[in-house]
Amino acid sequence: MITALELGLIYALVALGVYLTFRILNFPDLTVDGSFTSGAATAAVLIVNGTDPFLASAAAFVVGALAGLITGLLHTKGNINGLLAGILTMIGLYSINLRIMGGANIPLLGEDTLISGLRDVAGSGWTSVLVLVAMALVFKLIIDWFLHTDSGLALQATGDNEQMITSFAVSTDRMKIIGLMISNGLVGLGGAIVAQFQGFADIGMGIGLILVGLASVIVGQAIFGTRVVMQATLAVVLGAVVYRLAIQFALNVGLNPNDMKLMSAVLVVAALLLPQWKGFQRIAQWRKNRTALDAAGDATLTSEAKTHGEKVR
Amino acid sequence: MLNVSEVSKTFFPGTVNERRALDDVNLQLAAGDFVTVIGSNGAGKSTVLNTVAGRITQEKGVVELENRDVSKLKEHQRAAQIGRVFQDPMAGTSPNLTIEQNLSLADRRGYSRGLRLGVTASKRERFAEALKVLELGLEDRLRAKVGLLSGGQRQALSLLMATLSQPKVLLLDEHTAALDPQRAELVTRLTTKIVKEQKLTTLMVTHNMAQALEVGNRLIMMHEGRIILDVSDEEKEKLAPGDLLAEFSKIKGAVVDDKTMLQ
Ligand SMILES: Nc1ncnc2c1ncn2[C@@H]1O[C@H](COP(=O)(O)OP(=O)(O)OP(=O)(O)O)[C@@H](O)[C@H]1O
Ligand SMILES: [Mg+2]
């Protein structure tokens, strides 16, 4: 239970990264499968060679961001379809990750890592969970803040209405590249911390990660709502934790770790299909009416406004 | 101020779908000119605006803004000096952002966008003040998402946003066409008011001949990619919708398209 909570909070970084591309930029980015492992590989190699684990993790962020940069350039300057651009980078990274690691696996047992540091300070009980809660919240708050700056608003508008934001002198190419870099930077950092948590980096650890991120985003937002950015990012963090708890539950009832990819896929499918189910729609409608009234503050909700209403974010 | 010279544009050249949208168009606007543009469907009105904005690149000719050749600049680069309102009321705003956030995006046109907060207390006050001009009560709903507004409200907001940071040139492409008559009236009134106050150099496409004659100091008529009529000031004031229709019917085969005629 505590392990699941801790892992969920670490994976919250990944989920926040996926939120930035999928929800904010409306860009289905598959780079993350590769950049997650790149981050883990970079941090592991550096730590084994004696680098401070904080620096090593920061380097993982940078390497992840570079992966995002490549996808962004392929898509914007190369006019390659976004899905394909992500797949190309992801596949290319597989070889690069093997080069970084010099093999398929790097053990970190006995090394000084962020997690060993955490255990020294906070043990492995609720205190360490609290520390990780604080970490996840700090990143959530940084993203909340960023999305409300001039740049962040331009990033949001890029995912919302490209024609409009172009007409206000913003390069949508540039915003997409920035968004992909931050997103993959977070994912790389997530990979680095996961590697330190489990005690090794492995060439296969990023496979299917996109589904983990998506499941967290979709499940979290379905349960906890998306009315404003601050609520949406909190939902994403909680979604990552819920996802880990669900996995833990599945393991407890007898599924084995190899079944987890199928489980992630089923979870995402369920989260996508559930909203189409009538009973669920009624609940959603009820909630939407309530929030719409909150937001409008008066009763000027015309039928027109409803049809052009909010895209669920 | 704005100089469009010898601009031509052909879509799908060399194919069966080849379509000459602009044919050697010459158009000069002095600072403060408010030009209305009329013409049949497919005459090339939107294409002229899109070439000025850089959304479409011409194959021949140059576009100059304040004596500077901007032909090679990308759309977002030219947008630092050009404000636009589109026909579709959904096109000019970001529906998932709030009214104040949309205004903040518009406010930064032409300036760098860094890591300062987009909306601050002082900006909010300024935005509320600007919104009062619209007389729609939007100043009390700064934090409502724009997606919740009606089409007319959104178009009025689009107009305010397009003119908030005083662009050199304002391009309006049938920006009242999708609205009901009452809202269209409101947006037209706001347009003349704002253009006059800020002395904006403006190109406004419209299908409504009465409106084309009523507003602005100059009128051009387009047909098949060419400007076939260009009247200004007193000459324009003497014209009536009937004269424009006569002008239209002089062109054999031109489809007369005037919404006022249908009413
Ligand atoms: N992006 C495009 N691709 C191909 N053809 C285009 C494109 N834009 C315009 N055209 C063609 O160019 C010609 C001029 O179109 P344009 O949109 O400028 O006309 P318009 O005067 O604005 O007409 P309307 O009154 O219908 O808006 C038309 O024949 C149109 O089919
Ligand atoms: Mg048009």
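The values are calculated or read from the model by the stated rules, or taken from the named source; none is laboratory data. The structure displayed is predicted, hence computed values, not measured ones. Because the Cβ atoms are built from the backbone with ideal geometry, glycine has one as well, and the counts that use them run over all protein chains shown. Note: areas computed on protein heavy atoms with side chains; ligands, DNA, RNA excluded. Shrake-Rupley method; radii C 1.70, N 1.55, O 1.52, S 1.80 Å.
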Among the candidates A:VAL217, A:VAL121, A:VAL138, which residue alone is of a type in the set (A, V, I, L, M, F, W, C) and either within 13 Å of chain B (Cβ to nearest Cβ) or in contact (Cβ under 8 Å) with a residue 40 or more places away in the chain (or both)?
-> A:VAL217
In region B:161-170, anything at pLDDT 95 or above, more than 10 Å from every other protein chain (Cβ to nearest Cβ) and open to solvent by 10 Å² or more (accessible area, probe 1.4 Å) is listed as B:LYS168
Would you check which residues across region B:137-159 are open to solvent by 10 Å² or more (accessible area, probe 1.4 Å) and more than 8 Å from chain A (Cβ to nearest Cβ) and list them?
-> B:GLY137, B:GLU139, B:LEU142, B:GLN153
Considering region B:62-84, residues that are open to solvent by less than 30 Å² (accessible area, probe 1.4 Å) and outside any helix (DSSP H, G or I), and then whichever is nearest to ligand 2 (Cβ to nearest atom), we arrive at B:ARG84
Scan of region B:193-210 for residues that are assigned to a helix (DSSP H, G or I) and crowded, with 22+ Cβ neighbours inside 10 Å, ordered by number | B:MET209
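Restricting attention to region B:177-192, does a residue exist that is of a type in the set (S, T, N, Q), in contact with a strand residue (DSSP E or B) (Cβ under 6 Å, 6 or more places away or on another chain) and closer than 27 Å to B:LEU2 by Cβ? So that I can check it myself, show each step before the final result.
Step one: filter region B:177-192 for residues of a type in the set (S, T, N, Q), giving B:182, B:188, B:191-192.
Of the ones still in play, those that are also in contact with a strand residue (DSSP E or B) (Cβ under 6 Å, 6 or more places away or on another chain) are none.
Checked against the condition, which is being of a type in the set (S, T, N, Q), in contact with a strand residue (DSSP E or B) (Cβ under 6 Å, 6 or more places away or on another chain) and closer than 27 Å to B:LEU2 by Cβ, region B:177-192 yields no hits at all.
In the list A:GLN156, A:GLN198, which residue meets the criterion of being modelled with pLDDT of 95 or more and closer than 30 Å to B:GLY54 by Cα?
Values: A:GLN198 fails: closer than 30 Å to B:GLY54 by Cα.
Selected residue: A:GLN156, the only one of A:GLN156, A:GLN198 that is modelled with pLDDT of 95 or more and closer than 30 Å to B:GLY54 by Cα.
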When region B:24-47 is examined, which residues are found to be of a type in the set (A, V, I, L, M), near ligand 2 (Cβ under 10 Å from one of its atoms) and over 11 Å from the mean Cα position of the chain (by Cα)?
-> B:ALA43
Residue list for region B:59-76, filter: facing another protein chain (nearest Cβ under 9 Å) and over 20 Å from B:LEU29 (Cβ atoms) | B:LYS74, B:HIS76
Among the candidates B:GLY225, B:GLY242, single out the residue that is without any contact (Cβ under 8 Å) to a residue 12 or more places away in the chain and of a type outside the set (Val, Ile, Thr).
-> B:GLY242
Among strands (runs of 3 or more DSSP E) entirely inside region B:1-59, those with 2 or more residues being away from ligand 1 (no atom under 15 Å from the Cβ) and closer than 17 Å to B:VAL70 by Cβ are B:2-11, B:19-29
Members of region B:69-127 found to be over 29 Å from B:MET1 (Cα atoms) and among the hydrophobic types (A, V, I, L, M, F, W, C), listed by number | B:MET90, B:LEU97, B:ILE99, B:LEU115, B:LEU117, B:VAL119, B:ALA121
When region B:99-133 is checked residue by residue, the ones that are open to solvent by less than 20 Å² (accessible area, probe 1.4 Å), more than 7 Å from chain A (Cβ to nearest Cβ) and closer than 23 Å to A:ILE143 by Cα are B:ILE99, B:GLU100, B:ASN102, B:LEU103
From the option list B:ASP180, B:ASP173, single residue qualifying as more than 16 Å from ligand 2 (Cβ to nearest atom), open to solvent by 10 Å² or more (accessible area, probe 1.4 Å) and closer than 17 Å to B:MET90 by Cα is B:ASP180
Failed condition for A:LEU267, given (1) within 20 Å of the chain's Cα centre (by Cα); (2) within 14 Å of chain B (Cβ to nearest Cβ); (3) at pLDDT 55 or above = (2)
Would you be able to tell me the number of residues in region A:72-87 that are among the aliphatic types (A, V, I, L, M) and within 11 Å of A:ASP29 (Cα to Cα)?
-> 4
Those residues that are buried (at least 24 other Cβ atoms within 10 Å of the Cβ) and either touching a strand residue (DSSP E or B) at 6+ places or on another chain (Cβ under 8 Å) or of a type in the set (A, V, I, L, M) (or both), I need them from region A:195-210; list them, please.
-> A:ALA195, A:ALA201, A:LEU209, A:ILE210
Subset of region B:85-96, residues touching a helix residue (DSSP H, G or I) at 6+ places or on another chain (Cβ under 6 Å) and either at the interface with another protein chain (Cβ under 7 Å from one of its Cβ atoms) or more than 16 Å from ligand 2 (Cβ to nearest atom) (or both), comes to B:ALA91, B:GLY92, B:THR93, B:SER94, B:PRO95, B:ASN96
